[in-house]
1. For LEU15, project a label point 7 Å along Cα to C-beta. Then give me every residue of the stretch 37-59 with its amide nitrogen under 19 Å of that point.
2. Please state the Cα pair-distance histogram of the stretch 12-55 with 5 angstrom bins from zero: what percent is in each bin?
3. Might you work out the accessible area of ARG33 for me, using a 1.4 Å probe with all protein chains in place, and round it to the nearest 10 Å²?
4. Just the accessible area per residue of the stretch 16-75, please: how many Å² with a 1.4 Å probe?
5. Accessible surface of GLU22 in the full protein assembly, 1.4 angstrom probe, to the nearest 10 Å²?
Amino acid sequence: MPEREQRTRPLGVDLDEALLAEAAESLGTTTKRATINGASAEFVAAARRRRFVEPVDEGVFDDLRDQDVMRGAGR
């Protein structure tokens with residue numbers, strides 16, 4: 001994976017300071033950069049977990065609870 005470009009100048013993004021402060025408290029971060037990077041990482045991890053769980057929610061593995069199906073699986 002290519003390295004990400006490091007920005008050295010401000011982006012000029014209008015941030016919700018109250019939301020940023022709450023995120024910093026939850027993450028235990030002390031800088032805006034660390035808070036934004038930490039929140040982004042948490043968001044991506046949560047999205048990956050949701051994608052992993054979707055097949056379960058859709059019933060893809062429901063047969064695993066069916067004892068007749070499972071008894072036949074060993075044959």
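The values are calculated or read from the model by the stated rules, or taken from the named source; none is laboratory data. Here the structure is a predicted model, which means the values were calculated and not measured. With ideal geometry, Cβ positions are generated from the backbone for all residues, glycine too; neighbour counts draw on all protein chains shown. All accessible areas refer to the heavy atoms of the entire protein, side chains included, with ligands and DNA or RNA removed. Shrake-Rupley method; radii C 1.70, N 1.55, O 1.52, S 1.80 Å.
1. Under cut-off, by backbone N: 37-44.
2. 5, 23, 24, 19, 13, 9, 6, 1, 0
3. Only protein atoms counted, so the area is about 150 Å².
4. Details: 5180 Å² over 60 residues.
Heavy-atom accessible area per residue stands at 86 Å².
5. Estimated to the nearest 10 Å², GLU22 gives 120 Å².
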